[in-house]
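For reference, the structure discussed in these notes is given below.
Since every read-out is calculated from the coordinates, none of them should be taken as a lab result. The model shown is predicted, which means the values in this text are computed figures rather than measured ones. When we count neighbours, we look across all protein chains shown, and the Cβ atoms used for this are built from the backbone with ideal geometry, even at glycine.
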Amino acid sequence: MANCNPLRSPSSTLSEVNLGPSANPHAKPTDFDFLAVIGKGTYGKVLLAKLKADNKFYAVKVLQKKVILKKKEQKNIMAERNVLLKSLKHPFLVGLHYSFQTPEKLYFVLDYVNGGEIFFHLQRERCFLEPRARFYAAEVASAIGYLHSLNIVYRDLKPENILLDSQGHVVLTDFGLCKEGVEPETTTSTFCGTPEYLAPEILRKEPYDRTVDWWCLGAVLYEMIYSLPPFYSRDMSELYDGILHKPLPLPPGKSDAVCSLLQSLLQKDQHCRLGAIDDFLEIKNHVFFSPINWDDLYHKRITPPYYPNVKGPADTQHIDPEFTREMVPNSVGRTPELNASTSSNNAFNGFSYVCGEEDSFL
């Protein structure tokens, strides 16, 4: 019987990966000048790169096959590729231009989105006023609603995975935890996500549906409004106890509309959560979003509330310097070496284009 595993020879790091319609068999790493590290994650690093042929800038996600094989993550990597292929059809999802491979590594050539993570801007400003938070939440909800229409559950919505483009519009990235094939009446059960944003049903290790994404939207909106995720604690047991059992704290000074939305999204019973019946339609129709013209939003006819003031296509001012300072000067056009620093001040910090392990990635 033929081996249908996308990494056909698990015992070898030289195995070919079936990259499907995204594959560019003629592409190679030397097509690019690699300029800086802009993200790290579980399986590789993301690099700012300039394509020599046209001098355009891209984010190139580099994944080590041996790490994917070791962690048995072939299925998740292929799911991420599948979602990236579909994401080109929505304005608030990062786009995949093409992919290619060497005997040891996979390369995903993505849009370079350089307005900074929502996480980056929250760290600097602590919280946003309601109109700004509403704009970001609406664009994120539009992206999540589109994924749900394709029976894809995102499962890892957090400020680190929400980027701003050069004009200030939202771009959702990192589809590594996406689950395909989750129809409206079906569930899945994999325990995954980021601690502060886990829905109660995931913590209870119960089957869950697409409403986990609406819980996460509520958690992100709460953080944009109040500066910390709901139930936040450095003590993991306290954090989980709050998510599972404690009432939602709503400090005074916010509008009735945003408090109502937060209570509806952060409903511990998934069957009573906003979005449980009509999914994205329920979110759109909530009074908090009444100022939003959704057609104008989708077509980017609404002026963003914040302009990142990006100075050009290679600007990295909004990228965490923890990443960008890792670069070894590449003055003679050689493939640069990247050091293995993975330190972070945030225990749960994610990355703009999450993918990082040790050693050289090119």
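The length gained on full extension between residue 301 and residue 257, counted as 0.36 nm times the residue separation minus their Cα-Cα distance, comes to 13.4 nm.
Mind checking the full-extension length gain between residue 104 and residue 317? Use 0.36 nm per residue of separation minus the Cα-Cα distance, one decimal, nm. Walk me through the numbers on the way to the answer.
Working: separation 213, 0.36 × 213 = 76.68 nm, distance 3.16 nm.
Here the segment from residue 104 to residue 317 would lengthen by 73.5 nm.
How much FRET efficiency would the formula 1/(1 + (r/R0)^6) give for residue 89 and residue 54, where r is the Cβ-Cβ distance and R0 is 30 Å, rounded to 0.05? Don't skip to the end; give the middle numbers.
Numbers: r = 24 Å, r/R0 = 0.79.
After rounding, the FRET efficiency stands at 0.80.
By the gyration tensor of its Cα atoms, with a ≥ b ≥ c the square roots of the eigenvalues, what is the shape of the stretch 106-152: rounded for a/c under 1.5, prolate for a/b over b/c, or oblate?
Working: a/c = 3.10, a/b = 1.25, b/c = 2.47.
Oblate shape, in that a/c is at least 1.5 and b/c is the bigger or equal ratio.
Rounded if a/c is under 1.5, else prolate if a/b is larger than b/c, else oblate: which is the stretch 118-298, with a ≥ b ≥ c the root eigenvalues of its Cα gyration tensor? Rounded, because the longest to shortest axis ratio a/c is under 1.5.
Work the Kirkwood hydrodynamic radius out for the stretch 17-74: mean of 1/r over every pair of different alpha-carbon atoms, inverted, in Å. Walk me through the numbers on the way to the answer.
Details: mean 1/r = 0.0784 Å⁻¹.
Evaluated over the stretch 17-74, this radius sits at 12.8 Å.
Taking amide H as placed 1.01 Å from N in the peptide plane, the amide H of residue 171 sits under 5 Å from that of 163, 164, 165, each at least 5 places away or on another chain. Given their separation in residues at 0.36 nm each and the Cα-Cα distance between them, residue 282 and residue 151 gain 45.5 nm when the chain is fully extended. How are the C-alpha pair distances of the stretch 80-173 spread across 5 Å bins, as whole percents from the shortest bin up? Result, from short to long distances: 3, 13, 23, 23, 18, 11, 7, 2, 1, 0 percent. Annotation note: chymotrypsin sites (Phe, Trp or Tyr not before Pro) in the stretch 131-196 located in DSSP loop regions with a Cβ neighbour count of at most 11 within 10 Å are 191. Between residue 187 and residue 70, the modelled labels are 3.5 nm apart [label points 7 Å from Cα along Cα→Cβ].
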